[in-house]
Amino acid sequence: MSFQWTPHRFSGGALALDVANSVILRADPERCIDRFAVEAQLAAFPQAAARHCAERELAAVLDLPEPAARQRLVDLREAIDAYFRCRTLGTDDRPLLAGLLSAAAICLAGARSETALEAATARSAIRLVSDPASERMKICGNCGWLFLDRSKNRSRTWCDMAVCGNRAKASRHYQRRKQEASS
């Protein structure tokens with residue numbers, strides 16, 4: 001199956017969230033896909049982020065992580081997801097914050113340049129921890145991705161209306177039709 005980094009894949013609203021969302025169907029171990037585990041997909045991420053990421057100033061000229069830095073990037077990605085998912089659900093996130101800050105510090109200290117993907121992701125995550133906009137973070141009801149709800153009335157339910165919103169609406173329509181047919 002062919003894969004491309006489309007604008008939908010950058011619907012998190014911050015580079016840190018887009019990196020965290022590089023794991024598809026995270027909650028379903030049997031169907032889970034890690035897009036960074038495929039070399040070609042990881043290699044294409046920086047260029048796609050420069051085009052589609054909401055934090056263009058961070059993503060403008062990202063460098064692909066060196067092989068030694070890839071595990072640090074994955075560790076940071078997992079710390080970002082764990083912390084912000086816990087925070088969004090309203091549970092005690094303090095232990096996870098320490099892990100996130102530690103992973104970010106390791107990435108910043110080990111990055112070969114400021115434009116390295118792991119360094120830019122770490123800066124995005126640190127910014128997001130203290131950003132009041134992070135209070136508007138939600139988990140997509142369809143795919144489970146983290147995203148910032150920047151709508152005026154804070155009513156956004158899906159990471160991307162064109163993809164997840166349409167899928168959810170189509171599913172409800174199908175279920176209604178199925179129920180009407182069986183009645």
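Would you calculate a helix-derived [θ] at 222 nm for the chain, using -39,500 (n - 2.57) for each DSSP H run of n ≥ 4 and dividing by the full residue count, to the nearest 500?
Working: 7 runs with 95 residues, N = 183.
Only helices count here, giving -16500 deg cm²/dmol.
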Just the Cα atoms of segment 1-69, one point each, no solvent: what log10 I(q)/I(0) does Debye give at q = 0.18, 0.24 Å⁻¹? -0.68, -1.14
Tail fraction, Cα-Cα pairs, the chain, threshold 29 Å, whole percent: 22
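Ignoring ligands, DNA and RNA, what percent of the accessible area of the chain is carbon or sulfur (1.4 Å)?
On the way: 5280 of 9740 Å².
Roughly 54 percent, rounded to a whole number.
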Starting from the amide H of Asp63, placed 1.01 Å from N in the peptide plane, find each other amide H under 5 Å away whose residue is 5 or more places distant or on another chain. Ala116, Leu117
Once phi for every residue in segment 95-103 is put through the Karplus expression 6.51 cos²θ - 1.76 cosθ + 1.60 (θ = phi - 60°), the whole-Hz ³J(HN,Hα) values, with Gly and Pro written as x, are x, 6, 5, 4, x, 5, 5, 5, 5
Sorting Lys152, Lys138, Lys178, Lys169 on solvent-accessible surface, 1.4 Å probe, most exposed first, gives Lys152, Lys178, Lys169, Lys138
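If DNA, RNA and ligands are ignored and the probe is 1.4 Å, what is the ranking of Ser102, Ser134, Ser151, Ser183 by accessible area, most exposed first? Don't jump to the answer; show the numbers that get you there.
Values: Ser102 60, Ser134 5, Ser151 30, Ser183 125 Å².
The most accessible residue leads, giving Ser183, Ser102, Ser151, Ser134.
What accessible area per residue, rounded to a whole number of Å², is obtained for segment 34-176 using a probe radius of 1.4 Å? Walk me through the numbers before you get to the answer.
Values: 7330 Å² over 143 residues.
I get 51 Å² per residue for segment 34-176.
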Kirkwood Rh, Cα atoms: Rg over Rh of segment 83-151: 1.01
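So if we plug the beta-carbon distance of Lys169 and Leu89 into 1/(1 + (r/R0)^6) with R0 = 25 Å, what FRET efficiency do we get, rounded to 0.05? Before the final figure, lay out the partial values.
Values: r = 25 Å, r/R0 = 0.99.
According to the calculation, E is roughly 0.50.
The values are calculated or read from the model by the stated rules, or taken from the named source; none is laboratory data. Because the structure is a prediction, the values reported are computed rather than measured. All Cβ positions, glycine included, derive from the backbone under ideal geometry; neighbour counts span all protein chains shown. Accessible surface areas use protein heavy atoms only, side chains included; no ligands, DNA or RNA. Shrake-Rupley method; radii C 1.70, N 1.55, O 1.52, S 1.80 Å.
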